[in-house]
Amino acid sequence: MSKIGKKNIIIPKDSSIKIEGANLTISGPKGTKKLTINDKIFSSKLNESEFKIQPLTKNIDKKTSIMWGTYRSLINNAVTGVTTGHEKILELSGVGFRANLKGDILNLQIGFSHEVNFKFPKEIKITVEKQTVIKINGVDKELVSKIAADIKNLKPVEPYKAKGIKEKGQFVLRKEGKKK
């Protein structure tokens, strides 16, 4: 039995889930998200304000238990995404490091001899606060995290002076420099 899979997903009043066979359509104030679950293994039940996913068979093996928790987490992330949205905050630290927004292109000056232009998809909303703080918002948690990871990979944080792009609250293990 999956500990996570057994929990019910609470649906807020302004969101709804529509079941069409193996397809789930989750809609809310921020947008809609479509998911597909394996209907040969799992069945889904929808009450007024709760959604539950359960395996069809009584004897549950390890793989089914793992997939049960995974599907439940994916559906829960989609519900929170369409109601409140997902957000990642990136911080630029370093002398002369700054970010600008030019249409659908994020322009970064991150210590190279050239500017780095990062094109992001239309489903993602990026805002630049101060010049060193980038906020990434969207409905899809996976896409928001992927865009944040791609931006962080442009200039990873180095351990000596902690220059680079990092997430807000990310711990950077600092190293001691050379000694004379």
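Table: residues versus (1) surrounded by 14 or more Cβ atoms within 10 Å (Cβ to Cβ); (2) more than 19 Å from LYS163 (Cα to Cα); (3) basic (Lys, Arg); (4) in contact (Cβ under 8 Å) with a residue 40 or more places away in the chain.
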{"residue": "SER93", "(1), (2), (3), (4)": "yes, no, no, yes"}
{"residue": "ASN100", "(1), (2), (3), (4)": "no, no, no, no"}
{"residue": "ASN107", "(1), (2), (3), (4)": "yes, no, no, no"}
{"residue": "GLU115", "(1), (2), (3), (4)": "no, no, no, no"}
{"residue": "ILE124", "(1), (2), (3), (4)": "yes, yes, no, no"}
{"residue": "VAL128", "(1), (2), (3), (4)": "yes, no, no, no"}
{"residue": "ILE136", "(1), (2), (3), (4)": "yes, yes, no, yes"}
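Conditions: (1) in a loop (DSSP other than H, G, I, E, B); (2) over 30 Å from GLU158 (Cβ atoms). SER113 meets all but one. Number of the miss?
It fails just one condition, (2).
Could you go through the range 86-93 and let me know if any residue there is assigned to a strand (DSSP E or B) and hydroxyl-bearing (Ser, Thr, Tyr). If you could, list the steps in order and put the result at the bottom.
Filtering the range 86-93 for residues assigned to a strand (DSSP E or B) gives 86-93.
In the following step, the residues that additionally are hydroxyl-bearing (Ser, Thr, Tyr) were identified as 93.
Scanning the range 86-93 turns up at least one residue that is assigned to a strand (DSSP E or B) and hydroxyl-bearing (Ser, Thr, Tyr).
(1) surrounded by fewer than 13 Cβ atoms within 10 Å (Cβ to Cβ); (2) assigned to a loop (DSSP other than H, G, I, E, B); (3) under 24 Å from the mean Cα position of the chain (by Cα): which one isn't true of LYS40, the others all being true?
The one condition LYS40 does not meet is (3).
Report whether or not LEU106 is part of a strand (DSSP E or B), hydrophobic (A, V, I, L, M, F, W, C) and out of contact with any helix residue (DSSP H, G or I) (no Cβ under 6 Å at 6 or more places or on another chain).
Values: part of a strand (DSSP E or B): yes; hydrophobic (A, V, I, L, M, F, W, C): yes; out of contact with any helix residue (DSSP H, G or I) (no Cβ under 6 Å at 6 or more places or on another chain): yes.
The answer is yes for LEU106.
Bear in mind that the values in this text are calculations on the coordinates, not laboratory data. Treat the numbers as computed from the prediction; the structure is a model and nothing was measured. Quick reminder, even Gly has a Cβ in these numbers, built from the backbone with ideal geometry, and neighbours come from all protein chains shown.
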